[in-house]
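None of the figures in this text is laboratory data; all of them are computed from the coordinates on show. In this text, all values refer to a predicted model and were calculated from it rather than measured experimentally. Counting neighbours? That spans all protein chains shown, and the Cβs are built from the backbone with ideal geometry, glycine included.
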């Protein structure tokens, strides 16, 4: 494992002294497909950094918002990659990515020599499938999901979990430097997705434990807020758990990481574990309750699982 950390880690999106943000960059034009809650801020940071960015999104209005940051809007994935050297995909899931790749006007229709950086969390099976599609079309495939939510995406402070050919690192360093505060190279393509599933499995288990702990305290007649204060004063209270506990108790579920996406990632982690011959007992156990919470809180923050605890 190696970590490439930008020399400067300021969060201002338009600072010219961040990596990859100098005039006259040699980085080829970038096609960015998928400009939703995470992809939109990432594409905007690339455009503000001075890169030639062309965007496409299934909901065109989301793509149009990026013209103010300097991005050009393409009418199709195929048009987005026309003349581009690098493609970034940040779509909702594997099927959506596959459709954008091979459907009508898909970006793999005529893209030999393209470097495809797949940055969404699509699971191990879809990552392997997309990698095979790329290889058949003469496209270099890089598996590089990101760790972080909408706030870090806007601030350019994501962690990039990169995996792929060693020779592509220097080409992508300025691109990753514009969207994240650090890049970790983990090995061949697929290792980035594996790391993301491991991290998000930890995240959903911690969120469920937090929800259960607050509910347990309440049912025992204790003040859950006092329990959060107590946890925060001990090594047991991790910053993430304390933050989510506070969100759960205030009931403000403005999404940082939408429950529907966290549920999808939990299901992908369970699938990957089964394929590897192991079992994630804790994650499997929380899935029914998370599905119940998602029935009415799919687009809310994952802290909304507290409503079903």
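Taking the radius of gyration and the Kirkwood hydrodynamic radius from Cα positions alone, what is the Rg/Rh ratio for the chain, to two decimal places?
0.99
Of 221, 180, 68, the residue with the greatest mean-square motion in the GNM of the chain, using alpha carbon springs below 10 Å, is 221. The C-alpha atoms of the chain define a longest principal axis, and helix 259-275 lies at about 80 degrees to it. Sorted ascending by nearby beta carbons within 10 Å, beginning with the fewest, 133, 206 become 206, 133.
In the chain, the longest principal axis of the Cα atoms and the axis of helix 169-179 are about 50 degrees apart. The value given for segment 209-296 is a Kirkwood hydrodynamic radius of 14.6 Å, derived from the mean inverse Cα-Cα separation. Helix 239-250 and the longest principal axis of the C-alpha atoms of the chain enclose an angle of approximately 70°. Ranked by the mean number of other Cβ atoms within 10 Å of their residues, highest first, the peptides 255-265, 32-42, 229-239 fall in the order 32-42, 255-265, 229-239. For a paramagnetic label modelled on residue 132 (point 7 Å from Cα along Cα→Cβ), amide N atoms under 20 Å away belong, within segment 194-208, to 194.
Counting beta carbons within 10 Å around each of 219, 62 and listing the fewest first gives the order 219, 62.
Classify segment 99-182 from the C-alpha gyration tensor, please: rounded if a/c falls under 1.5, else prolate or oblate depending on whether a/b exceeds b/c. Judged from the Cα gyration tensor, segment 99-182 comes out prolate (a/c at least 1.5, a/b above b/c). Of all beta bridges that DSSP places with both ends in the chain, some 25 percent have antiparallel geometry. Spatially, segment 129-183 and segment 243-300 are offset by 24 Å when compared through their Cα centroids.
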